[in-house]
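Report on one structure; see the data block that follows.
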Amino acid sequence: QVKLVESGGGLVQPGGSLRLSCSASGFTVSTNWMNWVRRAPGKGLEWVSIINTDGTNTYYADSVKGRFTISKDNAKNMVYLQMNSLKPEDTAVYYCNVPIWNIWGQGIQVTVSS
């Protein structure tokens, strides 16, 4: 019943932009803090960003600060990650996550390459 599904990934050139979406079901995004986490090739999980319940507070890893923006659309029960000025080192599988419940999506591939 409780499920997260990421979408919007793909291949993009360095300097390009991509918008990831996280569709939630079985719970409401508006009452939960929501994470984006990523795993680059050969590396462990790296926390990327988090947004609080009503979207008034957001936090970012230093590696993405100023380039990525996390947001919510409570009416659609969705979480987004707008990724701008993408770098090859952003290449990873990106996961949507509800941290206090340890709920994870299946992950979506983002590849930044020319």
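The values are calculated or read from the model by the stated rules, or taken from the named source; none is laboratory data. Remember, predicted model here, so these are calculated numbers, not experimental data. Positions of Cβ are backbone-derived with ideal geometry, glycine not excepted, and every protein chain shown enters the neighbour counts. Only protein heavy atoms, including side chains, enter the accessible area calculation; ligands, DNA and RNA are left aside. Shrake-Rupley method; radii C 1.70, N 1.55, O 1.52, S 1.80 Å.
Data table
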read-out: Fully extended contour minus Cα-Cα distance, from Ser63 to Leu11, at 0.36 nm per residue; value: 16.7 nm
read-out: Dimensionless Rg/Rh of the range 44-95 - Kirkwood Rh, Rg from C-alpha atoms; value: 0.97
read-out: Listed residue (Ser63, Asn97, Gln82) projecting farthest to the positive dipole end of the range 56-110, Cβ model; value: Gln82
read-out: About the Cα centre, charge dipole magnitude for the range 21-114 (Lys/Arg +1, Asp/Glu -1 at Cβ), debye; value: 100
read-out: The range 88-112 and the range 1-75: distance between their alpha carbon centers, rounded to Å; value: 7
read-out: ³J(HN,Hα) computed for each position of the range 29-34 - Karplus, 6.51 cos²θ - 1.76 cosθ + 1.60, integer Hz, glycine/proline x; value: 4, 5, 10, 9, 6, 10
read-out: Gaussian network model of the chain, springs between alpha carbon atoms under 10 Å - residue of Thr53, Thr91, Thr31 with greatest fluctuation; value: Thr31
read-out: Whole-percent carbon and sulfur share, accessible surface of the range 2-114, 1.4 Å; value: 51
read-out: Gyration tensor verdict on the range 25-70 (Cα atoms; rounded if a/c is under 1.5, prolate if a/b is larger than b/c, oblate otherwise); value: oblate
read-out: Rough spin-label spacing in nm, given labels placed 7 Å along Cα→Cβ, for Asn52 and Asn102; value: 2.6
read-out: Surface per residue (accessible, 1.4 Å probe) for the chain, Å²; value: 51
